[in-house]
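Let me begin by presenting the structure, written as structure tokens, before commenting on it.
Values quoted throughout were computed directly from the atomic coordinates according to the rules given, and no laboratory measurement underlies them. Nothing here was measured: the structure is a model prediction, and the numbers come from that model. Neighbour counts run over all protein chains shown; Cβ positions are idealised from the backbone, glycine included.
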Amino acid sequence: KAGVTQTPRYLIKTRGQQVTLSCSPISGHRSVSWYQQTPGQGLQFLFEYFSETQRNKGNFPGRFSGRQFSNSRSEMNVSTLELGDSALYLCASSRSTGPETQYFGPGTRLLVL
Amino acid sequence: ILNVEQSPQSLHVQEGDSTNFTCSFPSSNFYALHWYRWETAKSPEALFVMTLNGDEKKKGRISATLNTKEGYSYLYIKGSQPEDSATYLCAFSPNTGNQFYFGTGTSLTVIP
């Protein structure tokens, strides 16, 4: 069974630009969660999507948004990039919404210059 | 904001040593506690999910215990091997929504 995949793996952007990251969950998984990791910080929860609906949202500004498609693939968008958005962005999938095990992708490393 | 703390922040042990780490989490609104292992340049790998007070889980040389009343979990590694070198993360799930709150992890280095 293929694992969670994320594209691109690395990305360099400049301040003010926007970026879209993609996540393909494990086949059959309908919940996708997104996390941000910055140096010295634990994984910070961004949001969770289930059946194309945002179910939970973390404490991030509105510049961070996401969506989920009917095939459960998810995208995350960050508009008006700031230097502090440089981070590793991980997505994780699970079969359903609820605190069951989440399976993580390899992440997208974003550098904002 | 829920606070999940892990200690120690990092640990260096000799091959063959046994070691343990701690994860502290809120004792209220508990639903589940997860342990992950994260090797450099790889995806975090799920180790255990525990839901009941007193739960004990084991996977090979790694085991974990859970105390929901006092809000802590221990992860034990028996006879550490170099391949155990990784960051070990715990994540708390409250019963108020599907949101994981991660600690900052314990970085383990096993010296051959």
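Within 9 Å, Cβ to Cβ, of B:Phe48, how many net charges do the neighbouring residues add up to if Lys/Arg are +1 and Asp/Glu are -1?
Working: positive: B:Lys57, B:Lys58, B:Lys59; negative: B:Asp55.
With Lys, Arg at +1 and Asp, Glu at -1, the net is +2.
The Cβ shell under 11 Å around A:Leu111 holds other residues with a net charge of +1, Lys and Arg each +1, Asp and Glu each -1. Between A:Thr7 and A:Arg30, what is the label-to-label distance in nm when each label sits 7 Å out along the Cα-to-Cβ direction? Result for the modelled spin labels: 2.6 nm. Placing a pseudo-label 7 Å from each Cα along the Cα-to-Cβ vector at B:Lys57 and B:Ser27 gives an inter-label distance of 2.2 nm. If you take the alpha carbon radius of gyration of chain A and divide it by 2.2 N^0.38 Å, what ratio comes out, to two decimals? Compared with the compact-globule rule of thumb, chain A sits at 0.99.
When the chain is fully extended, how far beyond the present Cα-Cα distance does A:Arg109 get from A:Ser51, taking 0.36 nm per residue of separation? Spell out each step's value before the answer.
Numbers: separation 58, 0.36 × 58 = 20.88 nm, distance 2.64 nm.
Difference between extended and current length: 18.2 nm.
Annotation for B:Ala41 and B:Val13: the two label points, set 7 Å from Cα along the Cα-Cβ direction, are 2.5 nm apart. Between A:Thr101 and A:Arg15, the C-beta separation translates, for a Förster distance of 45 Å, into a calculated FRET efficiency of about 0.75. Report the residue, chosen from A:Gly66, A:Gly42, A:Gly58, that carries the largest GNM mean-square fluctuation when chain A is represented by alpha-carbon nodes joined by springs under 10 Å. Sorting by GNM fluctuation, first place goes to A:Gly42. Test of the criteria: in region B:19-112, which GluC sites (Glu not before Pro) are in a DSSP loop and have at most 15 other Cβ atoms within 10 angstrom of their Cβ? When the GluC sites (Glu not before Pro) of region B:19-112 are filtered for loop state and at most 15 Cβ neighbours within 10 Å, B:Glu39, B:Glu70 remain.
Could you calculate the FRET efficiency of A:Asn59 with B:Glu5 from 1/(1 + (r/R0)^6), where r is the beta carbon distance between them and R0 is 22 Å, rounded to 0.05?
Values: r = 18 Å, r/R0 = 0.83.
Efficiency at R0 = 22 Å is approximately 0.75.
Checked against a 30 Å cut-off, the cross-linked pairs A:Lys57/B:Lys42; B:Lys42/B:Lys78; A:Lys57/B:Lys59 give Cα-Cα distances beyond that limit for A:Lys57/B:Lys59.
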